[in-house]
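Trainee: Please see the structure below; I have some questions.
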Amino acid sequence: MPKLNIKDLEEIRKKVRKAALLREGISNAKITVHMGTCGIAAGARPIMNALIKIVEESGRDDVIVTTSGCAGLCSREPMATVELKGETPVKYGDLTEDKIKKIFSEHVLKGKIVEEYALVIGSEREP
Amino acid sequence: MAYRTHLMVCTGTACVSCGAFNIKKLLEEEIKKQKLDKEILVVGTGCQGFCAQGPIVVVQPDDIFYQLLSPEDIPFLVEEHFLKGRPVKKMMYTPPGEKIQIPTVSEIGFFSKQRLIALRNKGLIDAEKIDDYIGRDGYNALIKVLTSMSSEDIIKEIKNSGLRGRGGGGFPTGLKWDICKNSKGEPKYIICNADEGDPGAYMDRSIVESDPHAVIEGMLIGAKAIGAQQGFVYIRTEYPLAIHRLEVAIEQAQEYGLLGKDILGKGFDFDLEIKQGAGAFVCGEETSLIHSIEGISPEPSQRPPFPAESGLWGKPTNINNVETWANVPRIILRGADWFAGIGTEKSKGTKVFSLVGKINNTGLVEVPMGITLKEIIYDIGGGVPGGKKFKGVQIGGPSGGVVPASLIDLPVDYEKLTEVGSMMGSGGMVVVDEDTCMVDLARYFLEFTSDESCGKCASCREGSSAMLEILTRITEGKGKEGDIEFLEELGYAIKDASQCGLGQTLPNPVLSTIDNFRDEYEAHIKNKKCPAHVCKALISFHIDPDKCTGCTVCAIKCPADAISGNRKEPHIIDQDKCIKCGICYTVCKFDSVKVE
Ligand SMILES: Cc1cc2nc3c(=O)[nH]c(=O)nc-3n(C[C@H](O)[C@H](O)[C@H](O)COP(=O)(O)O)c2cc1C
Ligand code: SF4
Ligand code: SF4
Ligand code: SF4
Ligand code: FES
Ligand code: FES
């Protein structure tokens, strides 16, 4: 490793910033992929992998990808929930890699809900 | 490759001693087995502060806190949470006396009342990866001072922040730097004091283990301000993990050109060397420490001259504590006003304390100056275990004083603690409850300090053994009228006549317990009783004949064969045979054994 100048140091910081923000839980968008048994069976894993790649390629370092358990809607798996900071979560169902790509570029990047794939807007409440 | 989840496994000294490295290895294996190794990263961090709950894993970004993990837990945890996304309740933290688990770090009282500056990277970085530090604003303050601040600017900023030494004395750091900078003599040296000789204290170890670069960056900034090109970290040999992480950090900083010649291409030179300490408590005293680095017998010497004027090899030397150094980059980056906005009038910023003794949540906490003892002990520490009564807290290391329960609303800062006969010291807090005998406690600390006296001053050497002898006598039931007054007289005399801080403070535990718990001393001396039932010579065990069911358990367990009685009839203890081991008291299920 050659000695750094200030610019090199800033480059390194940029590169590792995402990991740092993630550890602090700082984000502007959170995408949750539902990984219940049926979710996994319906192909949630490839969706997850594709999503991680899309986020990385976008260069956005303030998007968190996480998993949760069963969402209670086995017939519509794979599913994911997108939650922009300060906005209501939106659940998407019957996902494919193309669909998640579109959801990312429209909803996450531009803030436009992709209504054609959306199942629920807002979270179900406990009675 | 980007990971969606980071598992922050504590690999501080305490957690490592309960198997953290194994937990980390198992997590990595299980994650690989579930084919999650491209999504989930396992990171080893320094001490996260909640050492009693180790091994600890924090899941980020979800902020979920898993504790007391055992190797058997790991496969289930990985499958449930990291594959299926269902956090595992039974591995979470349940506050003492409650039934419901608290999932996230930010909801756990132990963490939520803390305010992190010196420990801001704790649990968030791998201490052995310089890039992790850089990603959290690391070396940004260095860039700032190298590109836009003169040495006067830096000193002014540190002065305005109100930062004071965290190693015990509380001397204003900016002023100290200024004196050293203006002292005649070249070269100048700076030292980081990581000797940490207080028994039970480990805040400095923890900072070095979890964030060594913060200390290095602080020293770089100090060196630039003072005009030093060589620094030393004096660290005790008993801290192998901290030494290792510091070595790795120095190496990485050298590789990046953050230590060495022409740092960041800005024409500034500075390098660091580690010196391992000889282990004696007095080696932490600055003049003694300097002697130790010079390779001569580590005895304190008369001040003045202060090290800032004539220190290492007679050259101007600035010495600061680990925690003091770790605060510096944040002050430079966020500004003096930000730092000065935290704390009280004369004590700014935060202080790291190690919370031990009779308290539910033992561990390491960083709190704003001015926080009350009550908040520390109850909100963060979770109170005294077993429903016992809180009696006081001994603050400041072996020569600190005891603050009694009646002063629980005391705001914690340098001045307030000194006012009540205690001191900030390096930040050790030992909580004591009704079962602690204050005479015995004072005796315990005196035993330590008199043993550690270097012997140079008669007052400290002879005075401490005289005090210890009297205290021992009192706890053995041989106290005499006038002992208390003599202890007081002796205490003040030692404080006045001793040369270094050790002698000047070692009477504190005695004087403060006499001040606040005089009746306990009197009970020992006049009534030959130990109210806390600790001093063996002053207690006796008796069986209450009305309560004893004659179950014979105590008689069977008594190691001295001191208990006799027929089955189903009240038993009796032969006081001549009894060795006061307390076993009968513990084993009796009917609460029939009484201590007096
Ligand atoms: C007996 C004795 C032991 C000391 N041990 C330590 C120690 O372990 N660590 C420390 O930082 N300061 C210790 N000090 C205080 C140092 O002498 C010195 O004041 C301090 O390192 C200065 O740094 P600061 O201004 O940043 O607090 C000790 C002082 C005395 C009298
Ligand atoms: S006060 Fe005690 S420890 Fe300090 S120099 Fe004197 S004898 Fe040594
Ligand atoms: S254990 Fe208790 S109840 Fe049983 S014989 Fe001893 S004192 Fe009596
Ligand atoms: S205190 Fe110990 S030695 Fe004494 S009677 Fe009880 S069990 Fe026996
Ligand atoms: S397991 Fe997927 S909805 Fe139930
Ligand atoms: S060593 Fe793990 S929490 Fe302190």
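Where a number appears in this text, it was derived from the coordinates with a stated rule and is not lab data. The structure displayed is predicted, hence computed values, not measured ones. All Cβ positions, even for glycine, are placed from backbone atoms using ideal geometry, and neighbour counts span all protein chains on display.
Trainee: Would you mind checking the pairs A:LYS14/B:LYS348; B:LYS547/B:LYS594; B:LYS113/B:LYS348 and listing those with alpha carbons more than 22 angstrom apart? Please list the in-between numbers first.
Mentor: Numbers: A:LYS14/B:LYS348 32 Å; B:LYS547/B:LYS594 11 Å; B:LYS113/B:LYS348 17 Å.
Flagged as over cut-off: A:LYS14/B:LYS348.
Trainee: Also: For chain A, which cysteines have no second Cys with its Cβ under 4.7 Å from theirs?
Mentor: A:CYS70
Trainee: Would you kindly state how much longer the chain becomes between B:GLU488 and B:GLN302 on full extension, computed as 0.36 nm times their sequence separation minus their alpha carbon distance, in nm to one decimal? Spell out each step's value before the answer.
Mentor: Numbers: separation 186, 0.36 × 186 = 66.96 nm, distance 2.56 nm.
Stretched fully, the B:GLU488-B:GLN302 segment lengthens by 64.4 nm.
Trainee: Okay, moving on. Can you sort B:LYS358, B:LYS89 so the residue with the fewest Cβ neighbours within 10 Å comes first?
Mentor: Working: B:LYS358 23, B:LYS89 11.
So the residues, fewest neighbours to most, are B:LYS89, B:LYS358.
Trainee: Also, I was wondering about something else. Report the FRET efficiency, 1/(1 + (r/R0)^6), for B:LYS25 and A:ARG60, where r is their Cβ-Cβ distance and R0 is 41 Å, rounded to 0.05.
Mentor: Taking R0 as 41 Å, the efficiency between B:LYS25 and A:ARG60 is 0.80.
Trainee: A further question follows. Quick one: helix B:240-255 against the long Cα principal axis of chain B, what's the angle to the nearest 10°, folded into 0 to 90?
Mentor: 10 degrees
Trainee: In the structure shown, do any of B:LYS351/B:LYS388; A:LYS91/B:LYS89; B:LYS122/B:LYS156; A:LYS30/B:LYS122; B:LYS374/B:LYS536; A:LYS85/B:LYS156 have a Cα-Cα gap over 30 Å, and if so which?
Mentor: On the way: B:LYS351/B:LYS388 27 Å; A:LYS91/B:LYS89 25 Å; B:LYS122/B:LYS156 28 Å; A:LYS30/B:LYS122 24 Å; B:LYS374/B:LYS536 32 Å; A:LYS85/B:LYS156 40 Å.
Violating the 30 Å limit, Cα to Cα: B:LYS374/B:LYS536; A:LYS85/B:LYS156.
Trainee: Counting Lys and Arg as +1 and Asp and Glu as -1, each charge on the Cβ, what is the dipole of chain B about the Cα centre in debye, to the nearest 20? Don't skip to the end; give the middle numbers.
Mentor: Numbers: 67 positive and 81 negative charges, 177 e Å.
Here the size comes out at about 840 debye.
Trainee: Quote to one decimal, in nm, the extra length available between B:LEU68 and B:GLN254 on full extension: 0.36 nm per residue of separation minus the C-alpha distance between them. Each step should come with its number before you reach the end.
Mentor: On the way: separation 186, 0.36 × 186 = 66.96 nm, distance 3.75 nm.
That pair, B:LEU68 and B:GLN254, stretches by 63.2 nm at full extension.
Trainee: So what's the gap between the Cα centers of region B:438-484 and region B:122-144, to the nearest angstrom?
Mentor: Cα centres, region B:438-484 to region B:122-144: 47 Å.
Trainee: Label-point separation (nm) for B:GLU481 and A:GLU11, each offset 7 Å from Cα along Cα-to-Cβ?
Mentor: Between B:GLU481 and A:GLU11, the label points sit 8.5 nm apart.
Trainee: Relative contact order of chain B, please, whole-number percent, based on alpha carbon pairs below 8 angstrom and at least 6 residues apart. Don't skip to the answer; put the middle values down first.
Mentor: Working: 1253 pairs, mean separation 66.6, N = 596.
For chain B, the relative contact order is 11 percent.
Trainee: For chain A, take the longest principal axis of its alpha carbons; what is the angle in degrees between that and the long axis of helix A:44-58, to the nearest 10 within 0 to 90?
Mentor: Roughly 40 degrees between the two axes.
Trainee: Follow-up question, since we're still on this one. Rounded to the nearest Å, what's the spacing between the alpha carbon centres of region A:1-56 and region B:538-560? Just the number, please.
Mentor: 65 Å
Trainee: Once you sort the root eigenvalues of the Cα gyration tensor of chain B as a ≥ b ≥ c, which label holds: rounded (a/c under 1.5), prolate (a/b larger than b/c) or oblate (the other case)?
Mentor: Numbers: a/c = 2.31, a/b = 1.28, b/c = 1.80.
In terms of gyration-tensor shape, oblate.
Trainee: What is the Cα centroid distance between region B:204-254 and region B:82-110, reported in whole angstrom?
Mentor: Each part reduced to its Cα centre gives a spacing of 35 Å.
Trainee: Given contacts defined as C-alpha pairs under 8 Å and at least six residues apart, what's the relative contact order of region B:130-340, whole-number percent? All intermediate terms of the calculation are to be shown ahead of the outcome.
Mentor: On the way: 392 pairs, mean separation 68.3, N = 211.
Relative contact order here is 32 percent.
Trainee: Just to be sure I understand: of the beta bridges DSSP finds with both ends in the protein assembly as shown, what percent are antiparallel, rounded to 5? It would help to have the intermediate numbers written out before the result.
Mentor: Values: 44 of 78 bridges.
Looking only at bridges with both residues in the protein assembly as shown, the antiparallel portion is about 55 percent.
Trainee: If each residue of separation counts as 0.36 nm, what is the full-extension length gain between B:ASP271 and B:ASN160 once their alpha-carbon separation is subtracted? Please report the intermediate quantities before stating the final value.
Mentor: Numbers: separation 111, 0.36 × 111 = 39.96 nm, distance 2.73 nm.
So the chain would gain 37.2 nm between B:ASP271 and B:ASN160.
Trainee: In a shell of Cβ-Cβ distance under 14 Å around B:ILE23, excluding B:ILE23 itself, what net charge do Lys and Arg (+1) and Asp and Glu (-1) give?
Mentor: Values: positive: B:LYS24, B:LYS25; negative: B:GLU28, B:GLU29, B:GLU30, B:GLU72, B:ASP73.
Every neighbour counted, the sum reads -3.
Trainee: Ok, one more. Please work out the ratio of the alpha-carbon Rg of the protein assembly as shown to 2.2 N^0.38 Å and round it to two decimals. Display every interim value, and only then the final one.
Mentor: Working: Rg = 29.6 Å, N = 723, 2.2 N^0.38 = 26.8 Å.
That works out to 1.10 for the protein assembly as shown.
Trainee: Report, to the nearest 10°, how far helix B:173-182 tilts away from the longest principal axis of the Cα atoms in chain B, using its own Cα long axis and a range of 0 to 90°.
Mentor: 50 degrees
Trainee: Another question about this same structure. Take the Cβ-Cβ distance between B:THR94 and B:SER150 as r, set R0 to 60 Å, and report the resulting FRET efficiency rounded to the nearest 0.05.
Mentor: Details: r = 54 Å, r/R0 = 0.90.
Working from the Cβ atoms, E equals 0.65.
Trainee: Please give the calculated 222 nm ellipticity per residue for chain B, where each DSSP H segment of at least 4 residues contributes -39500 (n - 2.57) and the sum is spread over every residue; nearest 500 deg cm²/dmol?
Mentor: On the way: 22 runs with 217 residues, N = 596.
For chain B, the value works out to -10500 deg cm²/dmol.
Trainee: Specify which residue in the list B:THR344, B:ASN361, B:VAL384 is farthest towards the positive end of the charge dipole of region B:330-396, using unit charges on the beta carbon of Lys, Arg (+1) and Asp, Glu (-1), about the Cα centre.
Mentor: So the residue we want is B:VAL384.
Trainee: Would you work out the charge dipole size for region B:438-525 about its Cα centre, treating the Cβ of every Lys and Arg as +1 and the Cβ of every Asp and Glu as -1, and quote it to the nearest 20 debye?
Mentor: 300 debye
Trainee: Determine the relative contact order of region B:540-595: mean sequence separation of Cα pairs under 8 Å and six or more apart, normalised by residue count, in whole percent.
Mentor: On the way: 100 pairs, mean separation 25.5, N = 56.
The value is 46 percent.
Trainee: Something else now. Arranged by the count of other C-beta atoms within 10 angstrom, fewest first, what order do B:LYS416, A:LYS3 take?
Mentor: Working: B:LYS416 21, A:LYS3 16.
Fewest-to-most Cβ neighbours within 10 Å comes out as A:LYS3, B:LYS416.
Trainee: Strictly over 20 Å apart at the Cα level, which of B:LYS32/B:LYS129; B:LYS346/B:LYS416; B:LYS478/B:LYS580 would you flag in this model? Don't skip to the answer; put the middle values down first.
Mentor: Values: B:LYS32/B:LYS129 22 Å; B:LYS346/B:LYS416 10 Å; B:LYS478/B:LYS580 18 Å.
Over 20 Å Cα-Cα: B:LYS32/B:LYS129.
Trainee: Still on this structure: Treat the count of other C-beta atoms within 10 Å as a stand-in for reagent exposure and order B:LYS557, B:LYS589 from fewest to most. Please report the intermediate quantities before stating the final value.
Mentor: On the way: B:LYS557 14, B:LYS589 9.
Ascending number of Cβ neighbours within 10 Å: B:LYS589, B:LYS557.
Trainee: Assuming R0 = 45 Å, can you tell me the calculated FRET efficiency for the pair B:ARG86 and B:LYS557, based on Cβ-Cβ distance, to the nearest 0.05? Don't skip to the end; give the middle numbers.
Mentor: Details: r = 47 Å, r/R0 = 1.05.
Efficiency, from the Cβ-Cβ distance: 0.45.
Trainee: Place a point 7 Å from the Cα of B:ARG473 along the Cα-to-Cβ direction; which residues of region B:437-465 have their backbone N under 14 Å from it?
Mentor: B:465
Trainee: For the pair B:LYS547/B:ILE179, report the inter-label distance in nm, with labels modelled 7 Å from Cα in the Cβ direction.
Mentor: In this crude spin-label approximation the distance works out to 5.9 nm.
Trainee: OK, next. Roughly what % of DSSP beta bridges within region B:5-107 run antiparallel, to the nearest 5?
Mentor: On the way: 9 of 15 bridges.
Restricted to region B:5-107, the bridges split so that about 60 percent are antiparallel.
Trainee: Which of the trypsin sites (Lys or Arg not before Pro) across region B:456-511 are loop residues per DSSP, with 15 or fewer other Cβ within 10 Å?
Mentor: Working: sites: B:LYS456, B:ARG461, B:ARG473, B:LYS478, B:LYS480, B:LYS495; in loops: B:LYS456, B:LYS478, B:LYS480.
When the trypsin sites (Lys or Arg not before Pro) of region B:456-511 are filtered for loop state and at most 15 Cβ neighbours within 10 Å, B:LYS478, B:LYS480 remain.
Trainee: For A:LYS112, give me every one of the aspartates and glutamates with a C-alpha distance below 13 angstrom, ignoring sequence neighbours fewer than eight places off in its own chain.
Mentor: Output for A:LYS112: A:GLU83, A:GLU87.
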